[in-house]
Amino acid sequence: MLPVKILAPLLRFFYRLLYYEFAWSYDFVAWFVSAGQWRHWVHSPLPYLKGETLLELGHGPGHLQIALAAQGRQIYGLDLSPFMNRQARRRLKRAQLTPRLVNGYAQRLPFPANSFEQIFATFPSEYILHPATLAETLRTLKPGGEFLILPSAKLIGDSLPARISNLLFYLTGQAHPSPTDIHQPAVTLLQRAGFAQVEIKTLQHSQFEALLIIARKPAGLPNNLSAPSAV
């Protein structure tokens, strides 16, 4: 068996291809590594997404886009991968829903200030807590708006699928942390960026648990930043 120091970068490289050139196979691989729970993981923040105008950072293949658009929400999406952008756009059109998707960077959002009631991301990479991402998220949220991040999830129990799934996420550096492990770094970065009322919830389900971070933009926060040009 390959040592971890060799296997981990190989798996990370494969996951990078999976999000770009191999995006067509993303849903199947995600289903496989999560033992069939991936769609449930992605949908687990839905009870907390209550805004009418929302932005999803890193929209991926578009499953949450469809779920929210079908509820009549005004949902926008941004993703750096043009492959995922095309895939999500096709999926929305097949569902007879209007795609509001752009290809670009979370560190430079092509939206005016105070645009969204909620901004959210599921299973994002390190970019999500980058100071520029947090500044742009704060700028484009409406006063009192919420920033929600689902950083990780894991299968619970001691079944073979659960052990294999958790091992794969561990090898790629995506192991599900405890609320204590993630609490202080995330809270500190969000508070430094200007967010308030940062909360970390553990979402418990019968077959898995997920972590959800919720941070609120203060209602009285002045916003003098100008909007960047569209991507």
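The values are calculated or read from the model by the stated rules, or taken from the named source; none is laboratory data. Everything quoted here is computed from the prediction, not taken from an experiment. With ideal geometry, Cβ positions are generated from the backbone for all residues, glycine too; neighbour counts draw on all protein chains shown.
Restricting the first member to the range 88-108 and to residues that are surrounded by 13 or more Cβ atoms within 10 Å (Cβ to Cβ), and the second to residues that are assigned to a loop (DSSP other than H, G, I, E, B) and of a type in the set (K, R), the beta-carbon pairs closer than 9 Å and six or more apart or on different chains are L92/R100.
Conditions tested, residue by residue: (1) among the β-branched types (V, I, T); (2) modelled with pLDDT under 95; (3) farther than 20 Å from G145 by Cα.
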| position | (1), (2), (3) |
| --- | --- |
| E56 | no, no, no |
| H63 | no, yes, yes |
| A67 | no, no, yes |
| Q71 | no, yes, no |
| I75 | yes, no, no |
| D79 | no, no, yes |
| P82 | no, yes, yes |
| R86 | no, yes, yes |
| L92 | no, no, yes |
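Screening the range 22-54 for residues that are within 19 Å of E146 (Cα to Cα) and β-branched (V, I, T) and picking the one that is modelled with the highest pLDDT gives T53.
Taking the residues in the range 64-87 that are among the polar types (S, T, N, Q) and assigned to a loop (DSSP other than H, G, I, E, B) as candidates, determine which candidate is surrounded by the fewest Cβ atoms within 10 Å (Cβ to Cβ).
Q71
Within the range 199-222, identify whether any single residue is at pLDDT 75 or above, of a type in the set (K, R), outside any helix (DSSP H, G or I) and crowded, with 16+ Cβ neighbours inside 10 Å, and answer yes or no. Yes, the range 199-222 contains a residue that is at pLDDT 75 or above, of a type in the set (K, R), outside any helix (DSSP H, G or I) and crowded, with 16+ Cβ neighbours inside 10 Å. So in the range 94-119, with the set limited to residues that are touching a helix residue (DSSP H, G or I) at 6+ places or on another chain (Cβ under 8 Å), part of a strand (DSSP E or B) and of a type outside the set (A, V, I, L, M), which one is modelled with the lowest pLDDT? Result: N103. As a summary of the residue check, P124 satisfies the conditions (1) in a strand (DSSP E or B); (2) modelled with pLDDT under 95 except for the one numbered (1).
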